[in-house]
Amino acid sequence: MEGKMLAAHFDVPGEPENLYVKEVSKPVPKEGEVLVEVHASALNRADLLQRRGKYAVPPGASQILGLEAAGKVVALGPGADGRWKIGDRVMALLAGGGNAQYVNVHSCQLMPIPAGMTDTDAASVPEAWLTAYQLLHFVGKVQKGETVLIHAGASGVGTAAIQLCRLAGAVPMVTAGSADKLEFAKKLGAAAGFNYKEEDFGTKCLEATNNVGADIILDCVGATHWEKNLQALNTDGRWVVYGLMGSGQINGDFLTKLLWKRGSLLGSLLRTRSSKYKAELVKAFTENALPYFTPGGPVQLRPIVDSVYPLEKIAEAHRRMEENKNTGKIVLQVPV
Ligand SMILES: NC(=O)c1ccc[n+]([C@@H]2O[C@H](COP(=O)([O-])OP(=O)(O)OC[C@H]3O[C@@H](n4cnc5c(N)ncnc54)[C@H](OP(=O)(O)O)[C@@H]3O)[C@@H](O)[C@H]2O)c1
């Protein structure tokens, strides 16, 4: 298979059944890039949207699914960062291409896999944890002692955000759609949890904060939660929208309610950011959060893996995520 590799593929957008593994050309690292032999990759909601034809791949990015991967460096392109050498165990933030045996990545989007961490765990880190870190620190500018309401608290991003809140000295609260997910989130560090399907989380959040509200809301739901979000938000609070699982179409007196809270509405996407921004984010996370994945420190961060599927079972993996069954990340094991 010289010059070839296996990769997840779909011929037409649609259901998970459209996914299969096929032989494609192996990428060759270009200027500033490193070629990684992928041992594991993980799923993200964007993969589901892309498979349905509803997420345009950013210009220049691989059309192959997969926003993150773990494996080892096998080749260096011209001008690649001297920090990396062949054989290094790495995890990578990708704009695409992770669901394959090899992927090209700009060297500044690589992180070393902490000692003792498996490839499966490492594959679950880059997209969810860098997103959560970015939302809390780069966008939300979280401060010690602040309260953060995290929607989808048992999701890949949510489980990372709970732990990063605690690391920052902030107080996480979550919403989720089942008692099991809320229980899991509380064990990870959430101070309170609200079942958004059964409870009014706006009222509950106020009750839990002595009628003050959340200083930051990390919102990947959007329209269906907007009114309760504005109820739950503290005066001068920051409301960070980073997903629209509950639609983007709002009807109602949105701006009036936002204005009376003097709220800041902030939007954030990671995949479409510049290389420079991603490099800064990877550097900050590597310095400030990655050391806490190694056991022994006062705060212990841990990757949350829900399930592991071989690459050829990618359709099953997509179905599990689409049915909202996962707590934490769904990982794909890639044949070496
Ligand atoms: N902006 C960015 O840069 C960026 C980067 C990465 C991810 N994201 C976004 O972050 C979100 C989480 O991603 P993930 O990969 O961590 O997801 P995930 O692990 O698949 O978890 C998503 C969870 O959200 C809940 N959910 C689904 N539909 C919902 C709805 N309509 N209303 C309320 N809750 C709903 C479900 O849990 P329940 O059982 O609790 O309902 C589901 O299991 C997604 O919206 C994704 O697009 C954004």
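Taken together, the values in this text are just the output of simple stated rules run on the coordinates, not laboratory data. All values reported here derive from a predicted model rather than from experimental measurement. Reconstructed Cβ throughout: ideal geometry from the backbone, glycine too, with neighbour counts over all protein chains shown.
Entry note, the chain: the mean residue ellipticity at 222 nm calculated from DSSP H runs of n ≥ 4, each adding -39500 (n - 2.57), is -7000 deg cm²/dmol after division by the residues and rounding to the nearest 500. Averaging the sequence gap over all C-alpha pairs within less than 8 Å and six or more residues apart, then dividing by the number of residues, gives segment 129-267 a relative contact order of 20 percent. Annotation: amide H-H contacts under 5 Å for Y102 (H modelled 1.01 Å from N, sequence separation of 5 or more, or interchain): V38.
Under the convention that each Lys and Arg Cβ holds +1 and each Asp and Glu Cβ holds -1, the size of the dipole of segment 117-249 around its Cα centre is about 200 debye.
Across the chain, Cα pairs under 8 Å and at least six residues apart give a relative contact order of 18 percent. Note on the chain: with charges restricted to the Cβ of Lys and Arg (+1) and Asp and Glu (-1), its dipole about the Cα centre is near 500 debye. Within the chain, DSSP assigns beta bridges of which about 55% are antiparallel (rounded to the nearest 5). The packing ranking of peptides 64-77, 112-125, highest mean first, is 64-77, 112-125, where packing means the average number of other beta carbon atoms within 10 angstrom of each residue. Under the rule a/c < 1.5 gives rounded, and otherwise a/b versus b/c splits prolate from oblate, where does the chain land using the Cα gyration tensor? Prolate is the answer for the chain, as a/c is 1.5 or above and a/b outweighs b/c.
Taking other residues whose beta carbon is less than 9 angstrom from the beta carbon of G243, and scoring Lys, Arg as +1 and Asp, Glu as -1, yields 0. The chymotrypsin sites (Phe, Trp or Tyr not before Pro) of segment 84-193 include none that DSSP puts in a loop with a beta carbon having at most 13 other beta carbons within 10 Å. Tell me whether segment 129-267 comes out rounded, prolate or oblate; compute the Cα gyration tensor, take square roots of the eigenvalues as a ≥ b ≥ c, and use a/c under 1.5 as the rounded threshold. Cα axes put segment 129-267 in the rounded bin.
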